[in-house]
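Here's the structure we're looking at; comments come further down.
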Amino acid sequence: MNINHYLLTALLGCFITTPSNAQNDSTFLNAGRLQLDKNFTQTINIKGEDLEKMPFFSLHDAINVWLYGIYTSKSYLVYVIDGVVANDVNAYSIYDIESITLVQNALSQLNGAFGQQQLLLITTRRQKAGGKGITAAGNTAYNTDKHLYHQYYLGAYNNTQKIRYGVSANYAHDGIGKDYISANTKATYTNPPNFDRFRINGYAGITLGKHHDLSVTVNYAPQNYTNNATQINQYPVGSDTNIAKYHADEYTFNASLAFKSTFGKRWRNEFTATYLLGNLTSNAITNSTNSTIKIDLFQHGTADFRTLQFRDNISYHAQAGNWSIVPSLNAQFSFPKYNKYDWAHTYINQVTQSWVSNKVEGKAKSYLLTPSLSIAYKNIVQVQGGILADVSPAEGRDMTRIFPFGTITTDVVKMFKSTHKASLQLFGSFASYDNFSDLQYKFTDFTQDLYHYNSTSTIFLPNPPPTSSINDDKQYRIWSTGLRFTTANKRLEFSYNFEKRDYTTDVILEIPGGTGYYYIRTNPDIRAYTHTFGIRATAIQSGNFNWRTGLQATSIANTTNQNFGFTSYANIIGNFKADRTAWAGGFTNRLNYKQFFAGADIQYIFNQGRNMDNTAKMQVLFQQLYAGAQIPCKKLRGFELYANCRNLGKIRYSTMPELNKYYGIGFKTIL
C-alpha cells in the first residue's frame, strides 16, 4: 500500500470514527489549513455592514481604506470563506458577508497566500438561531461618466435551534460612461464597457443530536461584459475607421459540504468537501477599413478552472488547571485542473491571411498535512508550532518537503494582573513556505493592479506582461512581530506590525535589440519590509451618540541584490529600489445619533517618491461619504434610507488609476 492509500485511510478514519457535537468555536479563526486562536492572533477586522452603503464592484475597493490603502490591491489578496477555499470573493454580495479579517501573522503564507499576497478570512452572514426574516436592499448611483451603477439585493432566512436555511439573490451593474472614454480614445461608443453580474447564494444546515452538525453552501455567479466602439483615425496605422466589438460571458460556482462534530468535551473534528468551477467564454470582432483595404479579425477564447478539495481537521482540547493544550492535525487533498483555448482568424479584403490557435491544459494533485500544537496559559501567553508537510506526488523532486512554523504571544499587562482591563500583547511568528496557493478563478472587472516601471515607483500598465510559473522547489521565509495595546474597556486600540518577507516574482526586462526590443523574464530573490500602524477607537459613546474611527498607515520597501540594468516591469507592491518610502492607508469614521447615521472614509498615499516626470507623488481621496436615517415603520423591523457619494476628490499626479465619482441613493429594509 503506497503513501496515498495511507493518507486517504487516515482521513476517512478521522471523519468516520470521531463522533461529535457540532459547534462553531467562535474563539478560533478558521484559516483553512490552521486554526488560530482569536485572542492571541494579530488581526484587523471589518464589519460587512460598514461597507453596505458604498457603491463598489470589487471588494478590495471598499476595504483598502481600512487596511493598507493602495497596497490592498485585488491580485494581492487571498480569501478563505467560512474556512474553505473559494473562487472570487466578488461572487458574494456584501449583504451576505458578516465580517472580513486580515491576518497579520507569518502563518498566513501556509494558508494560500504566496509572494506579497495578504490573507483575508471571510465569515458569511447566517443570521442568528431562532429567527427568520426577509432583507431587501438597493443602491443606485450616477457617476461622472454619465453611467448608472445599480445593486439590488433580496434575501430570506429561517433559523431554528436545529434547522437553518437561507437564500439570496443579487444583481449588480457598473460601467464606464461614453463621455469619459470617448474623450480619452477619440472613439464613439455604441455600447461602452459595462458589466452585469448576478449572485445567487444559499445555505442549509441541521444539528444532529448533541454531537453532529451538517451544513451545505452553494454559490453561483454569472457575469457578462460588453464593449462596442467605433474609432476614427486610430490603430491600425493607415486606417480610417476601426470598429471593435467584444463580449465575454463568465461564471463561478462554489459548493461546499461541512460536517462538524465533537466527542465528549475534548475531541473536535471538521470535515469539508468543496467543488469550485470558474468558466470564461469571450468573442471579439475588429473591422478596420480605409479606401483601399479592409481587415477583419475574429477572436475566440475559453478558459475553464475546476478544483475538487477535501479537508479534515481533528483537534484535542485538553485543560490542566489554567493551561490549555490543543494538538491538531489538518489534512488537505486538492485536485485542480484547467484548460485554456483561443484562436484568431484574420481576413484582408475578405481573403484568409492567418489562422492562429493555442491550447493549454493541466491538472495536479496536492496533498498537504499540517500537524500543530498550541499551548496557552490563561489569557497571558500562547505558543503554537508545527510543520506543513507537502506529500504531493510529483516528478523530479523529493516526495516530502517540510515547512516549519511557529508563533508566540504574550500579554505584558496581564502577566501582573490577569483581570486587568488594559492589555498589551506582543506578537511574534515565523514560517517557511512555498507556493501553496489554490487554483481560483477571478472575475474580469475594471481593476488595475500595481506594477513597477524602471524599478523606481509604482505605476499602472494597461497590458502587464504575463506571469510565469515560479520555481516550486525553493523555500522562502517570513518573520512577523507586532504589538496591540487596548484600554478603556477596549474602546481604544493601538497596533503595530512589522514583517520581513522573502519572496520572488516575475520581473520583465525590456532590452534594446535590432530595430526594437526583446523581453527576458527573470525571478530574482526579493525581500520586503512592511511596517503597519493602526489606531482604532470608539471616540464617543454617550447616550444616543456613537462615533467609531480608525487610522491606518503602511509602508512597504522591497530590495534585491540583482542589478537589472535595463528598463524593467515587475508586479510588486510597495517601493522597489526607490529613493524614499511611501506611506499608504486610510481614515475611517462611522457615526450614529438616534435614528441618524453617517460615514466618511479617506484614503491617502504620501512621500511616494519620484516617477518618470520627476514629480513627487501624493494623493488624498475622499473614498466614501454617506448619510441617512432609520425611518420608523410599523410593518418593518427596520428601514434605512441614505444618500452616498464616492471618490469625491484627489490630488493631481496620482499613482492611482483615474476613478469615477459616484452620487447615489440607497435603502435597506428587514421584513
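The values are calculated or read from the model by the stated rules, or taken from the named source; none is laboratory data. Not measured: the values here are computed from a predicted model. So basically every Cβ, Gly included, is an ideal-geometry build from the backbone, and we count neighbours across all protein chains shown. The area values use the complete protein model at the heavy-atom level, side chains included, leaving out ligands, DNA and RNA. Shrake-Rupley method; radii C 1.70, N 1.55, O 1.52, S 1.80 Å.
List of remarks:
- Test: residue in region 564-580 that is of a type outside the set (Phe, Trp, Tyr), more than 30 Å from ASP506 (Cβ to Cβ) and at pLDDT below 90: no
- Scanning region 578-596 for residues that are without any contact (Cβ under 8 Å) to a residue 40 or more places away in the chain and open to solvent by 60 Å² or more (accessible area, probe 1.4 Å) gives ARG580, TRP583, GLN595, PHE596.
- Here LEU509 passes the criteria (1) surrounded by fewer than 16 Cβ atoms within 10 Å (Cβ to Cβ); (2) more than 24 Å from SER429 (Cα to Cα) except the one numbered (1).
- Taken over region 243-279, the criterion of being among the charged types (D, E, K, R), open to solvent by 20 Å² or more (accessible area, probe 1.4 Å) and under 30 Å from ILE295 (Cα atoms) is satisfied by LYS245, ASP249.
- Restricting region 139-159 to residues that are among the small types (Gly, Ala, Ser) and over 13 Å from PRO55 (Cβ atoms), the residue that is surrounded by the most Cβ atoms within 10 Å (Cβ to Cβ): GLY155
- Residue within region 401-418 that is open to solvent by 70 Å² or more (accessible area, probe 1.4 Å), under 23 Å from GLN118 (Cα atoms) and modelled with pLDDT under 95 present: yes
- Evaluating GLY599 against the criteria (1) under 28 Å from the mean Cα position of the chain (by Cα); (2) open to solvent by 50 Å² or more (accessible area, probe 1.4 Å); (3) at pLDDT 80 or above leaves one unmet condition, (2).
- Note on region 160-175: residues that are surrounded by fewer than 19 Cβ atoms within 10 Å (Cβ to Cβ) and more than 15 Å from ARG197 (Cβ to Cβ) amount to 6.
- Meets criteria (open to solvent by 10 Å² or more (accessible area, probe 1.4 Å) and over 29 Å from TYR663 (Cα atoms)) for THR135: no
- Flag for THR370 being modelled with pLDDT of 95 or more, open to solvent by less than 20 Å² (accessible area, probe 1.4 Å), under 19 Å from GLN104 (Cβ atoms) and assigned to a strand (DSSP E or B): no
- Candidates are the residues of region 256-305 that are among the aromatic types (Phe, Trp, Tyr) and out of contact with any Leu (no Cβ under 9 Å at 6 or more places or on another chain); the one that is nearest to GLN332 (Cα to Cα) is TRP267.
- When TYR453, TYR517, TYR496 are screened for being more than 30 Å from PRO336 (Cα to Cα) and modelled with pLDDT under 70, only TYR453 passes.
- Hits in region 581-596 (condition: modelled with pLDDT of 95 or more and among the aliphatic types (A, V, I, L, M)): LEU591
- Output for region 329-355, where each listed residue is open to solvent by less than 60 Å² (accessible area, probe 1.4 Å) and at positive phi: none
- Filtering region 280-316 to residues that are within 30 Å of GLU270 (Cα to Cα), open to solvent by less than 60 Å² (accessible area, probe 1.4 Å) and in contact (Cβ under 8 Å) with a residue 40 or more places away in the chain leaves PHE305, THR307, GLN309, ARG311, ASP312, ASN313, ILE314, SER315.
- Matching entry among GLY385, GLY362 (being part of a strand (DSSP E or B), open to solvent by less than 50 Å² (accessible area, probe 1.4 Å) and within 30 Å of GLY301 (Cβ to Cβ)): GLY362
- Looking only at residues of region 76-93 that are within 13 Å of the chain's Cα centre (by Cα) and more than 27 Å from PHE427 (Cα to Cα), we find that the one that is most open to solvent (accessible area, probe 1.4 Å) is TYR92.
- Among (1) of a type in the set (Val, Ile, Thr); (2) loosely packed, with under 15 Cβ neighbours inside 10 Å; (3) closer than 21 Å to GLU270 by Cα, the one test that VAL326 misses: (2)
- None of ALA255, ALA229 is in contact (Cβ under 8 Å) with a residue 40 or more places away in the chain, touching a strand residue (DSSP E or B) at 6+ places or on another chain (Cβ under 8 Å) and aliphatic (A, V, I, L, M) except ALA229.
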